[in-house]
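Below: the structure, in structure tokens.
The values are calculated or read from the model by the stated rules, or taken from the named source; none is laboratory data. All values derive from a computational prediction rather than experimental measurement. Here the Cβ is made from the backbone with ideal geometry for all residues, glycine too, and neighbour counts use every protein chain on show. Side chains are part of the model used for accessible areas, which takes the heavy atoms of the whole protein and leaves out ligands, DNA and RNA. Shrake-Rupley method; radii C 1.70, N 1.55, O 1.52, S 1.80 Å.
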Amino acid sequence: MVLAAGESKRFGSPKQLALFHGQPMLSHVCAECLKTVAEAVIVVVGASAERIVPVLPSGVSVVTNEAWPEGMAGSIRAGVERVNSEAVVLVLGDQPMVTEAQMVSLVRALGSPADVAASQYPDGSLGVPATFGRNHFAALQSLQGSSGAKGLFNEATKRVPCHEIADVDTPGDLIELGG
């Protein structure tokens, strides 16, 4: 599930459409997700949906989060309602350095529907992409506000080492990533 409903205030325009290696950043992230042969790739849109949906690659399902001003929690709730599998991988549409390999590693780390697997960055912190087994869907659907699912990580969370997968918040961030 790719979260891409934000307003992009700091970016100044819909960052989902900003070019990264010659294609819209969100299209690039979706293409990596589609390589995983997941049961489904769900993209949650909100702000600027009418401009974003046309650039999405075929093969993705679109969920519109009407409550996008609330923040990430609303997008997670909207997307999880549509998940029909034993687990969900949460990916941010503004993380163009995410790879198929990272997502596959997270799914493989999941031992059961009771598990959570998160990306462990070089500094030791945990973040997304992250995979949540079905037993955590109710907790994901109860999230509120602008915070994401980090509050669900705990000492039992399986850690999958990864390089820093930076979020793009400003045009300068995109330039730093070589976009």
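Assorted remarks:
- Estimated dipole of the chain in Debye, rounded to 20 [Cβ of Lys and Arg +1, of Asp and Glu -1, Cα centre]: 220
- Solvent exposure of the chain, expressed per residue, is 46 Å² of accessible area, with all protein chains present and a 1.4 angstrom probe.
- On the chain, 52 percent of the accessible area sits on carbon and sulfur atoms, based on a 1.4 Å probe.
- Sites listed here are trypsin sites (Lys or Arg not before Pro) in segment 1-61 whose DSSP assignment is loop and whose Cβ has at most 16 other Cβ atoms within 10 Å: K9, R10.
- Lysine pair count for the chain with Cα-Cα distance under 24 Å and sequence separation of 8 or more or different chains is 5.
- Local electrostatic count at E70 - Lys and Arg +1, Asp and Glu -1, tallied over other residues with Cβ under 14 Å: -1
- Cα lying deepest toward the dipole's positive end in segment 70-160, options L92, G124, A156, charges on Cβ: A156
- Computed over segment 36-102: relative contact order in percent, which uses C-alpha pairs under 8 Å that are six or more apart: 30
- From the coordinates shown, Rg and Dmax of the Cα atoms in Å corresponds to which of (1) 14.9, 41; (2) 19.8, 58; (3) 23.6, 83: (1)
- Normalised contact order of segment 30-179, rounded percent, pairs of Cα under 8 Å and 6 or more residues apart: 24
- Cα centroid separation, segment 112-131 to segment 67-84 (Å): 19
- Antiparallel DSSP beta bridges within segment 90-179, as percent of all bridges there, nearest 5: 60
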